[in-house]
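I have placed the structure first, in the form of structure tokens, so that the comments after it can refer back to it.
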There are 2 protein chains.
Amino acid sequence: MEFEIEKKLKGKLGRAGKLTTPNGVIETPSFTVVGTKATVKSLTPEMVNTLGAQAVLGNTYHLYLQPGDDVVKGGGGIGKFMNWKGPTVTDSGGFQVFSLGAGFGTGENKFSAKGDTRKGCDSGEHCKLAKIDEEGVEFQSHIDGSKHYFTPEKSIEIQNNIGADIIFAFDECTSPTAEHEYQKEAMERTHRWAKRSLDHHNHLGALHPSEEKQALFGIVQGGRFEDLRKESAKVIGAMDFDGFGIGGSFSKEDLDEALAWVNEILPEEKPRHLLGIGEPIDLFIGIENGVDMFDCVSPTRIARNGTLYTKSGRINIEKAEYAKDFSKIEEDCECYACQNYTKAYISHLFRAKEMFAATLASIHNLYFIVNLVKNIRQSILDENFDEHKKEFLKGYYGK
Amino acid sequence: MEFEIEKKLKGKLGRAGKLTTPNGVIETPSFTVVGTKATVKSLTPEMVNTLGAQAVLGNTYHLYLQPGDDVVKGGGGIGKFMNWKGPTVTDSGGFQVFSLGAGFGTGENKFSAKGDTRKGCDSGEHCKLAKIDEEGVEFQSHIDGSKHYFTPEKSIEIQNNIGADIIFAFDECTSPTAEHEYQKEAMERTHRWAKRSLDHHNHLGALHPSEEKQALFGIVQGGRFEDLRKESAKVIGAMDFDGFGIGGSFSKEDLDEALAWVNEILPEEKPRHLLGIGEPIDLFIGIENGVDMFDCVSPTRIARNGTLYTKSGRINIEKAEYAKDFSKIEEDCECYACQNYTKAYISHLFRAKEMFAATLASIHNLYFIVNLVKNIRQSILDENFDEHKKEFLKGYYGK
């Protein structure tokens, strides 16, 4: 895998580049579309390609449980299995083990999956114990409650079976509210797990003798603490990874600062992926602070609830005012939904609970976000990032 | 609208022809794909076109209730509203008024929507009163229970708003188990309603002065009684309709006889549509007995439950044996699903309850049925219908 920086953002950490994978080039900054269970929900791979997406990210935790990484391997790896011809990525399973499979309460490290930032774990359905020790994590399947055990080595083996172009080292995902003491402990464990992931990956080698080895990214953690984020960037950045993930939660206010702490330290010549973040404002902040890749379920998840992005902010297409509105979602949008359907039609599909509603809304939202990132990339190349950012944010957030 | 017969089936009523509508030619016999609420469930119109479908049928009852025929009209008519560029059809709403909106119990004519052929209506949710009189039918919406009144004139006006190329006269759909006396009474009312539908259609004229008038088909009823079917074919066949629908229920055993009674009488030079029937065996029986067009929800409905057609009969893709089966549904099938995905992948999508499962299964099943009818058409042109029928049925039903 090769990464080439084409242009840097003056006085900032941002850059435009090209990442060459065995299955194609990703022009960065880039938004990677999420296909959790080897399908981008309600879309064909051709639709995903047509809307401009360059890469698809599958979830290791989900694919391990269903259909099983052996089945994905049997189907020729995630790309062939799901008929996606471009680059593919899998996360390490860390986040889901701790959020879906757990909620975990060792007395120290607790995490509620429902966006609950309280210190303790509530008694919700996702709130189950995940037992964590130096070796790995025991967790319960969110599907059938069965028990499983992930170690860094196991995560790498699963990702090896799934066969994506880019994979991630196994990390411990902490609660955003965890104290410094626990964050430090978890981060240091994540560093040891990163080393083990790397060693095991090197031990396994390429998927096939004739093929390139998968690119392995290490994950920087450290919560919201400057000293920990910097230490994590230093330790992980010094390891021989092909690129880096930046994990954990951030508050909107801290995001730019936290990313700057990390990306000033990470080796400039390697790509960086900010995990699970994708709101428009976050994309601008991420990019100007040195992020090359993003992924997020938000565009498709809110689409399935009828929420659509527009340059003037979000709208809910089920609102009464759209029932007889025969205009497009956005008059100048070139996505398949806007080129062929009216708001009245899409609104009708949602009211009638027709599956095609999710398809059209997902196409529009992914087109919006994927092309937002493409346009930011272009503004870096054109040296007008600041103007572009100002104009977009004024239209979108009204400020 | 023009109908041209290209070739007749020797010694039988079947024929291959061409029906020219304002939005394109339908080569008959043809299977019309059902798009109840102005969407073929889980498919894009481009997928519907690619799999070989020539026409789409929307349901007047459903579109009247949701989004409202005024909205469909505002969107430019059903074709433009749903982005389907070929010929369109709407039924009269008769069947749904009596099955979904009713279940009705006047003491004489009762119909249970759940395929229940008992004489009385059970107390299920679909079993509501529909009040029928000479003028029309009062029924309840299956969505919100609101009351509505359809007359032949109203059905024509709604279908005029929806704007399909081919529309149907409003008919009374009787229970398959109704006695001769009630069937006769209902049939005679259907004949009077047919006359009123035709008169009102002529009164309304074309949708726009510059356009062709919609083609109006009259519906033959008469239950399972030979004398009534023949009388209905005679009366409806003598009216100035552009084509004919054949409505009501048939038992598998009676279908060929009943169709022969009707189609020997209906004017040969006009097209005939057998309403709501589409199992493989029924398609052969329909075609050899003079049917030119079919429609049925079955291919897509069973697809959404994971049931797939193959030349050796139906299979359920969720069965354990397919979880690691990396072959295609059918090796020589040229549909999008078979060209790009394995049984293991589709099986996974169903287990994971992914929407894309319904899309792939629907494409395969519609491709199967649409092309089954196309192949039967070709066998008429090639003068080997009997051999083709024998071979297919042997493979499919094993006899």
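Observations
- Between segment A:300-356 and segment B:198-219, the alpha-carbon center distance in angstrom: 33 Å
- Rel. contact order, % - alpha carbon contacts under 8 angstrom, at least six apart, segment A:306-397: 31 percent
- A:Glu387-A:Glu226 pseudo-label distance in nm [points 7 Å out on the Cα-to-Cβ vector]: 3.5 nm
- Relative contact order computed over segment A:1-111 (Cα-Cα under 8 Å; 6+ residues apart), in percent: 21 percent
- Share, in percent, of DSSP beta bridges within chain A that are antiparallel, nearest 5: 50 percent
- For A:His388, the point set 7 Å out from Cα toward Cβ sits 5.7 nm from its twins in the other copies, listed from shortest up.
- With contacts taken as Cα pairs under 8 Å at a separation of at least 6 residues, chain B carries a relative contact order of 16 percent.
- Looking down the axis that turns chain A into chain B, the chain A residue with its beta carbon nearest that axis, and the gap rounded to whole angstrom, comes out as A:Met355, 3.
- Built from the Cα atoms of segment A:62-101, the convex hull projects on average onto 2.9 nm², one quarter of its surface area.
- Alpha-carbon Debye profile of segment B:307-397, log10 I(q)/I(0) at 0.13, 0.16, 0.24 Å⁻¹: -0.47, -0.66, -1.18
- Counted residue by residue at 0.36 nm each, then reduced by the alpha carbon distance between them, the extension gain from B:Thr20 to B:Asn202 reaches 63.5 nm.
- Each label was represented as a point 7 Å from its Cα along the Cα-to-Cβ direction; for A:Glu264 and B:Met239 these points are 8.4 nm apart.
- Across B:Lys18/B:Lys195; B:Lys18/B:Lys213; A:Lys18/A:Lys328; B:Lys37/B:Lys353, pairs whose alpha-carbon gap is larger than 25 Å: B:Lys18/B:Lys195; A:Lys18/A:Lys328
- Every helix of 4 or more DSSP H residues in chain B counts as -39500 (n - 2.57), and over all residues that averages to -11500 deg cm²/dmol at 222 nm.
- Debye-sum result for chain B in log10 I(q)/I(0), which assumes one identical scatterer on each alpha carbon, at q = 0.08, 0.10, 0.13 Å⁻¹: -0.41, -0.65, -1.13
- Selection of GluC sites (Glu not before Pro), segment B:185-248, meeting DSSP coil and at most 13 other Cβ within 10 Å: B:Glu211, B:Glu212
- Per the Debye calculation on segment B:182-298 with a single equal scatterer at every Cα and no solvent contribution, log₁₀ I(q)/I(0) for q = 0.17 Å⁻¹ amounts to -0.82.
- Position A:Ala206, label points 7 Å along Cα→Cβ, spacing to each other copy in nm (shortest first, one decimal): 6.8
- The fraction of all Cα pairs in the protein assembly as shown landing in successive 20 Å bins from 0 to the largest distance is 15, 41, 28, 15, 1, given as whole percents.
- Pseudo-label separations to other copies for A:Asp332 - Cα-to-Cβ vector, 7 Å, nm: 5.4
- Förster-model FRET efficiency, 51 Å R0, A:Gln378 and A:Asn316, C-beta, rounded to 0.05: 0.95
- Charge dipole (the protein assembly as shown, unit charges on Cβ, about Cα centre) - positive-most of A:Tyr61, A:Thr50, B:Gln54: A:Tyr61
The numbers here are math on the coordinates, done by the rules we state, and not lab data. For clarity, every value in this text was computed on a predicted model and none was experimentally measured. With ideal geometry, Cβ positions are generated from the backbone for all residues, glycine too; neighbour counts draw on all protein chains shown.
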